[in-house]
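Enquirer: Have a look at the structure that comes next, please.
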Amino acid sequence: MAGRTRKRGEAVRTFILRNVEDRSGDVVLRATRQFGISRQAVHKHLKFLVGANLISRMSLARYQLCTLEEHKTILPVTDAAPEDIVWRMEIRDMLAALPENALDIWRYGFTEIFSNVAAHSGSESAFVQVRRTAVSTKMTIWDRGVGIFDKLLSHMDLIDERHAILELTKGKLTTDPASHPGQGIFFTARIFDTFSILSKGVLLSHTSGDGDDWTVETQQEGFGTLVTMTLKNDTSRQIKDIYERFSSQTSPGFSTTVVSAHLAQYGTEKLVSRSEAKRLLERVDRFRVALIDFDRVECIGQAFADEIFRVYPSEHPEVSIREIRTNKEVQDTIDGVRQVDHTPARRQGSPQDPALAGEEIGV
Ligand SMILES: Nc1ncnc2c1ncn2[C@@H]1O[C@H](COP(=O)(O)OP(=O)(O)O)[C@@H](O)[C@H]1O
Ligand SMILES: [Mg+2]
């Protein structure tokens, strides 16, 4: 009985820790509902967590997670210290308290982002900060180099930062194709719970959930490139789960992309034109499957839909174009243009294309 009560107490405290910084709702109220206990009981648990230095009170009803560990270092970028050695010598011990699968993810994220500093930024050093709370760990890697968006804009045929972001989030984008595959940011963003890049006053953030959640905000002008990654300490995620989501049964390797249509939108302008559709589909012929994600898109124009779902597939039979997360209005527009498709073998994911038959993508 005592054991059961203790376990329940631990469950309440774990719930509080996981939700205490969530600004969308009163954590006390949520805990009373979740566990069927009184407000006083929840307050006792809050007091316990404050006493254990796991959370601290900010105002009457607001708490924050305490930093349990913090490390900062400046790492020189030299050929003599490749990223895997720097990980082993300098970084791994900062994260030593974490389980194996979380450490694998941290190793992946650190080595990808640190190697980007070395390969692309022109900076001679990187500042690294690691902060651990009872719930998650956050790493920041900052270089004072050329800045990722300026780098992409100066090396590639792109209109502006927004266009650079659209291309970057599709994956297989690199300014150095001879020695780089352009996968680092695509996978790192999706492996962590949250991932962000701040450069030149543009903050690009990704939150992992049921699907991609990219946001773009304007921040104070900063120089260089600042990347932050956070991961829950008890994550059950494995790197291979993420790889599997972007490979397909018929095409192993990085063969599936997700294109977030809302990133092609400027402000409240609707996606209506063929030129916007063409921009959305730039470089997707490097993939076997392109999932066009309409999350946050309220409606689209007929010409835009026609270009993506009828014209492009007829010109690129090797790429399967599929829509995901559409609302009814968007889906109706897509279905409408498909109905005028007079090339029967060209429907997306059609079993008539043997290579695509039975292919399952869990994105
Ligand atoms: N720290 C950085 N500073 C400047 N440019 C960067 C930085 N990190 C990434 N980039 C740019 O973003 C591109 C994509 O990075 P990534 O997805 O890791 O692919 P890859 O490293 O294989 O090129 C790079 O080719 C480079 O142009
Ligand atoms: Mg890279």
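Enquirer: Go through the range 93-120 and give me each residue that's in contact (Cβ under 8 Å) with a residue 24 or more places away in the chain, surrounded by fewer than 19 Cβ atoms within 10 Å (Cβ to Cβ) and of a type in the set (Gly, Ala, Ser).
Expert: ALA97, SER115, ALA119, listed by residue number.
Enquirer: Any residue that is closer than 18 Å to THR137 by Cα, outside any helix (DSSP H, G or I) and among the charged types (D, E, K, R) - is there at least one of those in the range 49-59? Spell out the reasoning first.
Expert: Of the residues in the range 49-59, the ones closer than 18 Å to THR137 by Cα are 53-56.
Narrowing further to those that are outside any helix (DSSP H, G or I): 53-56.
Keeping just the survivors that are among the charged types (D, E, K, R) gives none.
Within the range 49-59 (the criterion being closer than 18 Å to THR137 by Cα, outside any helix (DSSP H, G or I) and among the charged types (D, E, K, R)), the answer is no, since none of the residues qualifies.
Enquirer: Then there is this: Within the range 135-148, identify whether any single residue is within 10 Å of ligand 1 (Cβ to nearest atom) and part of a helix (DSSP H, G or I), and answer yes or no.
Expert: yes
Enquirer: Quick check: is even one residue across the range 87-94 more than 16 Å from ligand 1 (Cβ to nearest atom), touching a Lys or Arg at 6+ places or on another chain (Cβ under 6 Å) and of a type outside the set (Phe, Trp, Tyr)?
Expert: No: the range 87-94 contains no residue that is more than 16 Å from ligand 1 (Cβ to nearest atom), touching a Lys or Arg at 6+ places or on another chain (Cβ under 6 Å) and of a type outside the set (Phe, Trp, Tyr).
Enquirer: Out of ALA277, ALA290, ALA305, report the one residue that is under 19 Å from the mean Cα position of the chain (by Cα) and over 21 Å from LEU204 (Cα atoms).
Expert: When all the criteria are applied, what remains is ALA290.
Enquirer: Sticking with this one: Where residues in the range 203-213 are away from ligand 1 (no atom under 13 Å from the Cβ) and under 16 Å from PHE149 (Cα atoms), which of them is farthest from the chain's Cα centre (by Cα)? Lay out the reasoning, then the answer.
Expert: To start, the set of residues in the range 203-213 that are away from ligand 1 (no atom under 13 Å from the Cβ) comprises 203, 205, 207-213.
Applying the additional criterion that residues be under 16 Å from PHE149 (Cα atoms) yields 203, 205.
Values: LEU203: 13, SER205: 7 Å.
Taking the candidates together, the pick is LEU203.
Enquirer: Just need a number here: residues in the range 181-202 that are surrounded by fewer than 16 Cβ atoms within 10 Å (Cβ to Cβ) and under 15 Å from ILE148 (Cα atoms). Talk me through it step by step, then tell me what you get.
Expert: Within the range 181-202, the subset surrounded by fewer than 16 Cβ atoms within 10 Å (Cβ to Cβ) is 181, 201.
If we keep only those that are under 15 Å from ILE148 (Cα atoms) too, we end up with 201.
So the count comes out to 1.
Enquirer: Anything in the range 117-132 that is more than 13 Å from ligand 2 (Cβ to nearest atom) and more than 15 Å from TRP106 (Cβ to Cβ)? List them, or say none. Break it down into steps so the answer makes sense when it comes.
Expert: Applying the first criterion (more than 13 Å from ligand 2 (Cβ to nearest atom)) to the range 117-132 yields 122-132.
Listed by number, the residues that qualify are GLY122, SER123, GLU124, SER125, ALA126, PHE127.
Enquirer: Okay, next question. Please state which one of PHE254, PHE287 is modelled with pLDDT of 95 or more and either aliphatic (A, V, I, L, M) or at negative phi (or both).
Expert: Details: PHE254 fails: modelled with pLDDT of 95 or more.
Going through PHE254, PHE287 in turn, just one is modelled with pLDDT of 95 or more and either aliphatic (A, V, I, L, M) or at negative phi (or both): PHE287.
Enquirer: Look through the range 182-204, keep the residues that are part of a loop (DSSP other than H, G, I, E, B), closer than 18 Å to SER154 by Cβ and out of contact with any strand residue (DSSP E or B) (no Cβ under 7 Å at 6 or more places or on another chain), and return whichever of them is nearest to ligand 2 (Cβ to nearest atom).
Expert: From the range 182-204, those part of a loop (DSSP other than H, G, I, E, B) are 182-183, 192-193, 200-201; that's our starting set.
From what is left, the residues that are closer than 18 Å to SER154 by Cβ are 182, 200-201.
In the following step, the residues that additionally are out of contact with any strand residue (DSSP E or B) (no Cβ under 7 Å at 6 or more places or on another chain) were identified as 182, 200.
Values: GLY182: 7, LYS200: 19 Å.
Per the criteria, the residue is GLY182.
Enquirer: Is it the case, given these coordinates, that SER123 is within 15 Å of ligand 1 (Cβ to nearest atom), part of a loop (DSSP other than H, G, I, E, B), buried (at least 17 other Cβ atoms within 10 Å of the Cβ) and assigned by TED's automatic domain parsing to the domain that holds LEU226? Talk me through it step by step, then tell me what you get.
Expert: Working: within 15 Å of ligand 1 (Cβ to nearest atom): yes; part of a loop (DSSP other than H, G, I, E, B): yes; buried (at least 17 other Cβ atoms within 10 Å of the Cβ): yes; assigned by TED's automatic domain parsing to the domain that holds LEU226: yes.
Here the answer is yes, as SER123 does meet what is asked.
Enquirer: GLY171: over 14 Å from ILE141 (Cβ atoms), touching a strand residue (DSSP E or B) at 6+ places or on another chain (Cβ under 9 Å) and within 8 Å of ligand 1 (Cβ to nearest atom), yes or no? Explain how you work it out, then say what you get.
Expert: Numbers: over 14 Å from ILE141 (Cβ atoms): yes; touching a strand residue (DSSP E or B) at 6+ places or on another chain (Cβ under 9 Å): yes; within 8 Å of ligand 1 (Cβ to nearest atom): yes.
Answer is yes for this residue.
Enquirer: Using the structure shown, decide if ARG162 is away from ligand 1 (no atom under 13 Å from the Cβ), in the same structural domain as ALA96 (by TED's automatic domain parsing), touching a residue at least 40 places away in the same chain (Cβ under 8 Å) and more than 18 Å from the chain's Cα centre (by Cα).
Expert: When the stated conditions are applied, ARG162 does not pass them.
Enquirer: Out of the residues in the range 154-181 that are assigned to a helix (DSSP H, G or I) and among the aliphatic types (A, V, I, L, M), state the one that is nearest to GLN265 (Cα to Cα).
Expert: First, pick out the residues of the range 154-181 that are assigned to a helix (DSSP H, G or I): 154-155, 161-170.
Filter once more, keeping what is among the aliphatic types (A, V, I, L, M): 164-166, 168.
Details: ALA164: 13, ILE165: 12, LEU166: 10, LEU168: 15 Å.
Ranking the candidates gives LEU166 first.
Enquirer: Being more than 27 Å from SER199 (Cα to Cα) and among the hydroxyl-bearing types (Ser, Thr, Tyr) narrows it down to one of SER56, SER125, so name that one.
Expert: Details: SER125 fails: more than 27 Å from SER199 (Cα to Cα).
Step by step, each of SER56, SER125 is checked, and only SER56 is more than 27 Å from SER199 (Cα to Cα) and among the hydroxyl-bearing types (Ser, Thr, Tyr).
The values are calculated or read from the model by the stated rules, or taken from the named source; none is laboratory data. Note that this is a predicted model, so its numbers are computed, not measured. Every residue, glycine as well, gets a Cβ built from its backbone with ideal geometry; the counts of neighbours run over all protein chains shown.
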